[in-house]
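Participant: Before anything else, here's the structure in question.
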Amino acid sequence: MPSHARLTWSLLLLRLGVFIVMFMWTLDKFVNPDHALRIFEKFYGLEGFATAAVYIIALVEMVLILAFVAGMWKRFTYGFILILHGLSTFSSYSQYLDPFNHLLFFAAWPMLAACVALYLLRDSDTRWTVRRKYASASER
């Protein structure tokens, strides 16, 4: 398999892996908004959100996550995913201070690395992406 094909397959697999996690986190906001409210309070210090606000946040996230997995508007959607996951990773800093009681939190670091790699290599991530007919190379 040529190296370009290996690269595009690898980037697709990274994109799908990141999508699965982000999709489930967003789906959780729809299914269990009280859980999302507790996370907002504990990890981000955000209190007083109404359940309706959680649904609105989840809806916006879902649209952007679906655009991300489709490979659309890469600079924006890949950047959004990177920032969102970066905030999630760094806001959990206290969990890393007690590592053996919070081992699953360490899974955030390889995923953050995948998000960075996808953002930096977004122009090469072309397999199974939606592309506009007249988009410039930097927009694809």
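Taken together, the values in this text are just the output of simple stated rules run on the coordinates, not laboratory data. Keep in mind that what you see is a predicted model, and the values were worked out from it rather than measured.
Participant: 222 nm [θ] for the chain, helices only, -39500 (n - 2.57) per DSSP H run of 4+, per residue, to 500?
Facilitator: -22500 deg cm²/dmol
Participant: Right, something else. Which label marks the calculated value of Rg/Rh (Cα atoms, Kirkwood Rh), given the options [x] 1.42; [y] 1.04; [z] 1.02?
Facilitator: [z]
Participant: What is the helix-to-structure angle for 3-31, meaning the angle in degrees between its Cα long axis and the longest Cα principal axis of the chain, kept from 0 to 90 and rounded to the nearest 10?
Facilitator: Tilt of helix 3-31: around 30 degrees.
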